1. Which value in nm describes the separation of the simple spin-label points at A432 and R278, placed 7 Å from the Cα toward the beta carbon?
2. Dipole of the chain, Cα-centred, from +1 at each Lys and Arg C-beta and -1 at each Asp and Glu C-beta, to the nearest 20 debye?
3. Show the residues, 5+ positions off or on another chain, whose built amide H is closer than 5 Å to the amide H of R85.
4. Roughly what percent of Cα-Cα pairs across region 231-389 reach past 25 Å?
5. State, as an integer percentage, the relative contact order of the chain based on alpha-carbon contacts under 8 Å between residues 6 or more apart.
6. In nm, to one decimal, how far is the L187 label point from the L403 one, both placed 7 Å along Cα→Cβ?
7. Residue farthest toward the positive end of the dipole of the chain, with Cβ of Lys/Arg at +1 and Asp/Glu at -1: which of W119, A500, G23?
8. Quick one: 3J(HN,Hα) in Hz for region 259-275, Karplus 6.51/-1.76/1.60 with θ = phi - 60°, rounded, Gly and Pro as x.
Amino acid sequence: MVYQVYPRSFADGDGDGVGDIPGIRAHVDHLAWLGVDVVWLSPVYRSPMDDNGYDISDYHDVDPLFGTLDDLDGLIADLHERGIRLVMDLVVNHTSSSHAWFQESRSGRDSAKRDWYWWRPPREGHVGGEPGAEPTNWGSAFSGPAWTYDPDSGEYYLHLFAPSQPDLNWENPEVREAVYSMMRWWLDRGVDGFRMDVINMISKAGLEDGELGGPGGPIDTTTHGDPGPFVLNGPRVHEFLQEMHREVFADRPAGLLTVGETPATSVEEARRYTDPERREVDMVFQFEHVDLDSGPGGKWDVVPMSLLDLKASLGRWQEGLADVGWNSLYLGNHDQPRSVSRFGDDSPEYRAASAKALATVLHLHRGTPYVYQGDEIGMANAPLATVDDLRDIESVNAHRALLARGATGEEAMAAIRAKSRDHARTPMQWDADEHAGFTTGTPWLPANPDHVEVNVAAQREDPDSVLHHYRALIALRHDEPVVAHGDFTMLLPDHPQVYAFTRRLDDVVLLVVANLSSQPATARFDPTWDDAEPLLATTAHPTAGTWSLTPWETAVLIRR
Ligand code: TEU
């Protein structure tokens with residue numbers, strides 16, 4: 001399994017209130033104890049931090065906020081000593097506008113690197129800089145237009161995210177070679193692979209106006225069009241990934257991991273990305289299940305999500321990638337609300353039970369499980385009372401845009417409270433001390449007040465805790481080949497409360513049953529399961545195939 005560290009929020013070694021690499025090194029034992037195989041480290045490169053490091057100004061150095069290259073070498077060594085691999089975040093759809101490449105590119109129309117980014121003149125008949133003069137009507141993911149005017153050269157540059165995140169032009173072979181050579185540099189340094197940020201956006205299909213209010217479009221869809229059809233899974237993306245594989249990975253020893261982040265990607269497209277024969281990436285992060293609570297108006301148009309939808313979605317991915325390709329399994333990361341608050345029940349009564357139930361279901365699917373820091377103790381969403389509690393560029397801008405579109409302050413905050421990325425970014429809760437043991441200084445984002453109850457130290461002492469349950473699940477995957485390799489069959493797809501499936505490898509069958517609701521549930525399974533061997537503290541006692549489950553109760557049985 002892969003454990004994601006978001007360095008800014010994991011552990012602060014020097015007391016400046018921001019997590020750093022020495023902080024991570026101080027907690028490597030936690031990762032080893034948990035049974036982590038691979039760490040995915042969110043960006044630690046030099047960056048102005050407009051998007052917390054997803055805006056990189058130097059790919060070959062560590063930002064002083066996080067430490068030094070020596071610290072990173074030390075972390076790699078610490079992890080390797082314990083048999084844990086390190087995967088770096090690779091953000092190459094765009095750079096920071098402070099990157100030397102962009103500085104050179106914007107220096108003038110005849111700059112040697114002009115073509116490394118997407119520069120376009122104002123729309124015909126328009127004066128540069130005036131509203132509507134943008135080369136296309138696209139909105140950016142962080143609100144506002146996806147083009148910013150550069151008065152010095154009289155042209156616009158493209159940024160699908162913030163204006164400080166200009167998109168690289170992958171059509172230019174020099175850009176691709178610069179990226180590949182940087183990747184080789186990191187592999188030579190000892191890293192074990194890459195998580196590739198929005199890698200399905202690197203090939204652009206053409207720069208044409210998008211549909212106003214189109215699905216997946218940005219928030220201010222009345223004025224901006226959806227770039228999706230022109231930038232997602234574009235015409236050359238598979239060619240580029242195959243080239244990257246040849247140039248970077250082909251001649252390296254086995255054991256490197258590649259995972260592409262691919263919003264708005266279908267099962268069919270994911271099969272192409274992850275078919276081993278095609279030599280692109282090992283797996284992708286698909287977004288279908290984390291988009292279930294988004295309505296036609298996009299991310300901030302929050303709609304309820306049903307368990308039936310979740311089962312149908314994850315089940316379709318299990319089926320779709322059964323014969324070729326491979327799934328990555330996740331319920332949360334640094335961009336998503338906390339999984340226990342979104343898919344579970346974070347009330348004091350059911351927090352622990354629901355966190356465990358969700359983990360059981362996810363980890364026993366076929367694929368590679370990803371654990372986002374803090375999920376292993378059931379960390380919940382932050383209170384986020386007012387706009388002053390927001391730090392994330394996306395949330396801050398979305399709040400402004402929602403108000404501009406006519407939402408009341410309370411409506412805007414309700415949407416933000418449901419989806420803000422800040423939820424995932426509150427400090428890791430190590431203990432019950434002030435600031436949760438994250439820092440001796442003042443944390444950049446306050447610790448969730450519930451850390452007095454919910455923390456690593458308390459759960460290490462409690463064999464019945466969420467933390468111990470995660471550890472047992474991770475061990476089970478290592479010990480029982482059926483978990484890693486067995487095939488997957490969904491059961492009771494129409495049951496509104498129970499998530500159930502089997503895994504089978506030769507003569508070994510695993511049955512997983514979970515009541516993913518805060519009410520009691522009953523379900524029927526083949527009576528031959530009545531006396532099967534229970535795993536993972538399973539206590540359910542079926543009678544003649546009928547099971548009665550308490551809220552969020554799970555049962556895992558094995559037949560050999
Ligand atoms: O995220 C890309 C992405 O598609 C989104 O989930 C995005 O975070 C946003 O929430 C859309 O509503 C990746 C990174 O994971 C994210 O942290 C970066 O901000 C983004 O790319 C730009 O690099």
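Read-outs: derived from the displayed coordinates by stated rules, not from any lab. The structure displayed is predicted, hence computed values, not measured ones. All Cβ positions, glycine included, derive from the backbone under ideal geometry; neighbour counts span all protein chains shown.
1. Computed distance between label sites A432 and R278 equals 5.2 nm.
2. Values: 46 positive and 89 negative charges, 178 e Å.
Here the size comes out at about 860 debye.
3. So R85 has HN proximity to V38, V39.
4. Working: 4815 of 12561 pairs.
Result: 38 percent of Cα pairs exceed 25 Å.
5. Details: 1214 pairs, mean separation 66.7, N = 560.
It rounds to 12 percent for the chain.
6. 4.9 nm
7. With unit charges placed on the Cβ atoms, the residue in question is A500.
8. 9, x, 8, 9, x, 6, 10, 7, 4, 4, 5, 5, 4, 5, 5, 10, 5
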